[in-house]
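Chemist: Take this structure, written in structure tokens, and hold onto it; I'll ask about it next.
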Amino acid sequence: MEPPASAGIAGSTHKFHPCDEAVIATNDDASDCKRCAVRLGYWKDDYIGYFVRNQERKAPEINRGYFARVKGVEMCVEKFLKKTSGNCQIINLGCGFDTLYFRLRDTAHQVKNFIELDFPTVTARKCYTIKRNKALLARIHDEDGEVRLSPTDLHGPSYHLMGVDLRNLDEVDSKLQQAEVDYSLPTIFLAECVLVYIEAQNCRNLLKWIAQKFQAAVFVNYEQVNMNDRFGDVMLNNLRGRGCSLAGVESCLSLDTQRNRFKDSGWTGARAWDMVQVYESISAAERQRIERLEMLDEGELLLQLFQHYCLVVAWLGVAFQDIDITVEELMSSLNID
């Protein structure tokens with residue numbers, strides 16, 4: 001059962017760019033891959049199955065790649081939550097069917113406000129799924145607060161899911177105000193393969209706008225890197241073949257261009273690591289555990305994939321400049337082991 005196709009744009013002024021539909025489809029691909037890895041035991045996620053029913057098995061290198069992606073992002077989130085003791089906001093840009101909010105509700109970590117933004121067609125499907133599943137609604141509800149729903153937007157006491165075009169800053173501003181954003185509160189922004197689909201000037205405008213609006217913030221960006229070699233060309237051609245032009249690929253040429261994208265947009269500083277480094281920062285015991293889940297025939301392909309994705313952490317001010325991917329002894333209060 002799916003929501004009607006028109007639900008995604010009901011009441012929205014969103015104008016589609018030629019590649020938007022193909023970009024939206026990447027959410028389904030990523031969600032399918034995460035669901036497969038969770039089913040095989042790479043990490044724990046009790047909620048992804050509500051959003052994705054696909055049972056197709058992915059290649060081992062894909063599963064390991066998604067494991068490193070999820071772990072890397074959540075290492076940064078966990079360090080941010082520890083530093084702020086929950087007196088903070090999370091803003092998930094291009095959130096897709098990400099389940100971090102629901103998983104956080106099952107841990108000791110609580111935040112003041114959790115805001116998710118994506119294309120209205122994506123948020124319509126996510127709203128529809130949440131509305132139909134009591135286990136999801138129960139995580140958003142509390143005794144005092146009501147949950148307000150429209151075809152594309154959902155507002156709970158401390159959770160907001162809204163359809164928006166990130167290229168339209170007036171619309172972003174309006175939506176964040178509806179979500180009762182607090183620009184003075186420490187805020188972590190998450191983006192997984194999102195900025196690369198936004199034209200360079202629009203991306204700069206968005207990052208500059210955030211840097212001007214928020215007083216203390218961290219931006220965690222997971223994305224392609226080293227796209228100017230042969231393997232990168234193959235990746236680009238595959239995406240173009242599916243109708244995705246990587247409009248922001250000029251920032252994905254190296255770790256330097258990834259860092260400079262933020263520094264040139266008014267951020268105080270930025271660090272970047274390829275996924276080889278991120279994977280190696282995960283505890284040895286945890287790596288051994290997941291490496292026993294599946295045999296990997298072709299280690300070279302996994303290495304190439306890891307070399308062509310990266311994690312970037314940028315910050316405003318000085319409070320969060322030490323958030324990085326160096327692993328701590330006990331790192332799993334986020335419940336993904």
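The values are calculated or read from the model by the stated rules, or taken from the named source; none is laboratory data. Just so we're clear, the structure is a prediction, and the values are computed from it rather than from any experiment. Counting neighbours? That spans all protein chains shown, and the Cβs are built from the backbone with ideal geometry, glycine included. With ligands, DNA and RNA removed, areas are computed over all heavy atoms of the protein, side chains included. Shrake-Rupley method; radii C 1.70, N 1.55, O 1.52, S 1.80 Å.
Chemist: In the chain, carbon and sulfur make up what percent of the accessible area (probe 1.4 Å)?
Modeler: Of the solvent-accessible surface of the chain, carbon and sulfur hold 48 percent.
Chemist: Okay, next question. How much accessible surface area, in Å² rounded to 10, belongs to the heavy atoms of LYS44 with a 1.4 Å probe?
Modeler: In the full protein context, LYS44 sits at about 80 Å².
Chemist: Could I ask something else about it? Using protein chains only and a probe of 1.4 angstrom, how many square angstrom of VAL172 are accessible, to the nearest 10?
Modeler: Around 10 Å² of this residue is reachable by solvent.
Chemist: Quick test of the membrane-span-like rule: which DSSP H helices of the chain reach at least 27 Å along their long axis (C-alpha atoms) with mean Kyte hydropathy at least -1.0?
Modeler: Answer set is 20-40, 60-84.
Chemist: Still on this model: Among SER158, SER254, SER150, which one shows the biggest mean-square fluctuation in a GNM of the chain, springs joining Cα atoms closer than 10 Å?
Modeler: SER150
Chemist: What's the ranking of 91-99, 299-307 by average number of surrounding C-beta atoms within 10 Å, highest first?
Modeler: So the peptides 91-99, 299-307, ranked by packing, come out 91-99, 299-307.
Chemist: Kindly provide the pair-distance distribution of the chain built from C-alpha pairs, with 20 Å bins from 0 and whole-percent values in order of increasing distance.
Modeler: Final binned percentages: 32, 63, 5.
Chemist: Taking 29 Å as the cut-off for C-alpha to C-alpha distance, list the pairs among LYS79/LYS263; LYS131/LYS263; LYS126/LYS263 that go past it.
Modeler: LYS131/LYS263; LYS126/LYS263
Chemist: Could you order peptides 125-135, 283-293 by the average number of other Cβ atoms within 10 Å of their residues, highest first?
Modeler: Ranking the peptides 125-135, 283-293 by packing returns 125-135, 283-293.
Chemist: Still on this structure: When DSSP assigns beta bridges and you keep just the ones with both residues in the chain, what percent turn out antiparallel, to the nearest 5?
Modeler: Just about 45 percent of them are antiparallel.
Chemist: Would you check the accessible area of ASP170, probe 1.4 Å, heavy atoms only, in square angstrom rounded to 10?
Modeler: Accessible area of ASP170: about 130 Å².
Chemist: So, counting K/R as plus one and D/E as minus one, what does the shell of residues with Cβ under 11 Å around GLY49 add up to?
Modeler: Charge balance near GLY49 sits at +2.
Chemist: If you place +1 on the Cβ of every Lys and Arg, -1 on the Cβ of every Asp and Glu, and leave all else neutral, what size is the dipole of the chain about its Cα centre, to the nearest 20 Debye?
Modeler: That gives a dipole near 340 debye.
Chemist: Which order do CYS193, CYS310 take by accessible area at a 1.4 Å probe, largest first?
Modeler: Result, largest first: CYS193, CYS310.
Chemist: What residue among THR107, ILE62, LEU136 has its Cα farthest toward the positive end of the dipole of segment 20-316, where the charges are +1 on Lys, Arg and -1 on Asp, Glu, each on the Cβ?
Modeler: Looking along the dipole axis, the top candidate is THR107.
Chemist: If you don't mind, there's one more thing I want to ask. Sequence-distant or interchain residues sharing an amide H contact under 5 Å with ASN113, placed H: which?
Modeler: Residues meeting the amide H criterion: CYS88, ILE90.
Chemist: Oh, and also: Of ARG242, ARG69, which has the most accessible area with a 1.4 Å probe, and how do the rest follow in descending order?
Modeler: ARG242, ARG69
Chemist: Which whole-number value in Å² is the accessible area per residue of the chain, probe 1.4 Å?
Modeler: For the chain, the solvent-accessible area averages 43 Å² per residue.
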